[in-house]
């Protein structure tokens, strides 16, 4: 897995602290346990950073919902300070949250190709 530094991402603005923390947590989750679902959520968050206006216009923005889900699971705890068992529990809880077909993040991610055929669909199909 290649390491991506913030300087290598062509984001045209300084990410807010909370966005940086979300990316950091999702990256830690990926490092701790490779998980296709968490990788998809991470990608959705990156799409939200690259195309924020487009995502909002198409009603497929996910940032606030990912943040809500993570906050509900983490309950103010610091992921890095959790025991290995605690980290596994967090990953499992997020996995359960993001496999629920009624979850807003899941619903919006399922609409990426349909609602963004010119931007997100080519990226997702590459």
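Only the coordinates and a few stated rules stand behind these numbers; no lab work does. Here the structure is a predicted model, which means the values were calculated and not measured. Virtual Cβ from ideal backbone geometry, glycine too; neighbours counted across all protein chains shown.
Pull out the extension gain between residue 46 and residue 75, defined as 0.36 nm times the separation in residues minus the alpha carbon to alpha carbon distance; nm, one decimal.
That works out to 8.1 nm of additional length.
Could you check the simple spin-label distance between residue 111 and residue 59, using points 7 Å along Cα→Cβ, in nm with one decimal?
0.5
Rg to Rh ratio, the range 14-125, alpha-carbon atoms and Kirkwood radius?
0.96
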